[in-house]
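Notes follow the structure.
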């Protein structure tokens, strides 16, 4: 059972990382197109002000997805001059400690998002946004974006999504390496 769960976690992490990478790539292309559109419309004297806002949101989503991807690939920027001087056993222990630290941070971020979105209270109030805002003084579901007027909580969804991805990838990184085929 343990091996199956480990394989499921590794496979899920790989699939999520592929999806994050594809979405981040699409967002990068969108940012480039939006900036080009912004240059053209401003040059023509017909600026589209919403383009700036959408480009910023796309970049924020890209950054959060990129952070999750670096955890999946174990490719985050690190300073290893001290760690590289240590024996292999200590390097391994420090690597594990870093994996646990990343998992702890990601789980803490998920916990903060749970309190921020507060879906349990929203559901207990029959999804009444007025009652929710009055009860909790949390106006996140009422706040629109500046120029496009979309609910900001849609934009902010990247935070719990990235925290989930980071948690999944960190958990997969903590698993022991898969057993070699044919090994006892």
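Can you find even one residue in the stretch 70-86 that is touching a helix residue (DSSP H, G or I) at 6+ places or on another chain (Cβ under 6 Å) and at pLDDT below 95? Among the residues of the stretch 70-86, at least one is touching a helix residue (DSSP H, G or I) at 6+ places or on another chain (Cβ under 6 Å) and at pLDDT below 95, which makes the answer yes.
For the stretch 136-155, the set of residues classified as in contact (Cβ under 8 Å) with a residue 24 or more places away in the chain and in a helix (DSSP H, G or I) consists of 153, 155, listed by residue number.
Conditions tested, residue by residue: (1) crowded, with 17+ Cβ neighbours inside 10 Å; (2) modelled with pLDDT of 95 or more; (3) out of contact with any helix residue (DSSP H, G or I) (no Cβ under 6 Å at 6 or more places or on another chain).
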| residue | (1), (2), (3) |
| --- | --- |
| 109 | yes, yes, no |
| 135 | no, no, yes |
| 144 | no, no, yes |
| 157 | no, yes, yes |
| 161 | yes, yes, yes |
| 166 | yes, yes, no |
| 178 | no, no, yes |
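For the stretch 102-135, the set of residues classified as farther than 21 Å from residue 163 by Cβ and part of a helix (DSSP H, G or I) consists of 124, 129, 130, 131, 132, 133, 134, 135, listed by residue number. Just one of the numbered conditions (1) closer than 24 Å to residue 5 by Cα; (2) under 19 Å from the mean Cα position of the chain (by Cα) is not true of residue 117: (1).
The values are calculated or read from the model by the stated rules, or taken from the named source; none is laboratory data. These figures come from a predicted structure and were not determined experimentally. Here Cβ is always computed from backbone atoms with ideal geometry, including for glycine, and neighbour counts include all displayed protein chains.
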